[in-house]
Amino acid sequence: MKQYLERVVSELPQFLSTFVHCLSQPRRFLADRLESLAAGKTSSESLTEKGVAFLVTAFLMAFLLSLALPEVTDPLSLPSDDAAVIRLGSEALRALFLFMAGFAIAHGVLRRFGAQTTFSAAFGLACYFCGVTLVLEVAASATSNIAMADPFTARAWITLEESRETLTPELLQLMTLLDPQTGQLPAGVALPAGTGPEAVAKLLELQGLLAESAARPLSLVAAGIQVAMSAAIFLWLLVAWFAFGGLQGISRWRVAAASLLAGLGLGTGLLLYVLMTAGATVMNLYRSGSLG
């Protein structure tokens, strides 16, 4: 972990300069790099390398920031051993390849509408925006902590976490016993301990507690801020997307049409990915009675 911190500190000045430029002037940021590419001052390979390097640094920044400002629903911790570091690295690589696949779909559609920039150069540009988005999303997710300033919500959340730890194993065991075709418990099979009527009553109680805590004023404020920040990030990305198309000489309505087609392609790809991961989850469930 020390080497990660040293890398972040050494690259922080250049990273912040690029971050602010990309965030505050997305069109100018794109224009500068496309002009440099057209003039031969920068090659596509160089642009890709710099973009990926920025994305890697942004990932480290987002990871460290998530430790200082953890999301309530998904707290992170430092890897405790080599196996944890390997898992973190494999998840990061998987996310990078998913991002590359998604961008390939979007860029392929835009090329059909007249974009001239090569995939490698465009991917390098996209890495900058993905890196900025990573950091901003961590900040947006951290606003969930505002709700925890309410003692009732904080205490309710602790109760929900503790109940999940006790109820989840029994419920997973019950799921493995259910008939996969009818969804009913086969005749002669006894209910696992802790999954009887008392468990149902406990689940209903927890649902009521969750709904009540979500309706508290600070919870509503936190949710509103998070939605507003996520919407602002999406609009910023939309501005960058249309600016990239405009710099390629593509009219706005054609960029809009490309966006719809790209959205359809990304949605289809995401559905396939969800089905693949769901299949692995179901297999793990029936093999070991767990979702891990």
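Just one residue in the set Thr42, Thr48 is modelled with pLDDT of 90 or more and polar (S, T, N, Q); that residue is Thr48.
Checked against (1) within 22 Å of Phe29 (Cα to Cα); (2) over 17 Å from the mean Cα position of the chain (by Cα); (3) touching a residue at least 60 places away in the same chain (Cβ under 8 Å), Ser259 meets all criteria but (3).
Against the condition at pLDDT 75 or above, more than 24 Å from Leu247 (Cα to Cα) and under 19 Å from the mean Cα position of the chain (by Cα), how does Leu65 come out, does it pass? Against the criterion (at pLDDT 75 or above, more than 24 Å from Leu247 (Cα to Cα) and under 19 Å from the mean Cα position of the chain (by Cα)), Leu65 qualifies.
Here Ser230 passes the criteria (1) in contact (Cβ under 8 Å) with a residue 24 or more places away in the chain; (2) farther than 23 Å from Leu37 by Cα; (3) among the polar types (S, T, N, Q); (4) surrounded by 17 or more Cβ atoms within 10 Å (Cβ to Cβ) except the one numbered (4). Does the stretch 261-291 hold any residues that are in a loop (DSSP other than H, G, I, E, B) and open to solvent by 50 Å² or more (accessible area, probe 1.4 Å), and which are they? Once the filter is applied, which keeps residues that are in a loop (DSSP other than H, G, I, E, B) and open to solvent by 50 Å² or more (accessible area, probe 1.4 Å), the stretch 261-291 yields only Leu291.
The values are calculated or read from the model by the stated rules, or taken from the named source; none is laboratory data. Here the structure is a predicted model, which means the values were calculated and not measured. Glycine gets a Cβ as well: all are built from the backbone with ideal geometry, and neighbour counts include every protein chain shown. Note: areas computed on protein heavy atoms with side chains; ligands, DNA, RNA excluded. Shrake-Rupley method; radii C 1.70, N 1.55, O 1.52, S 1.80 Å.
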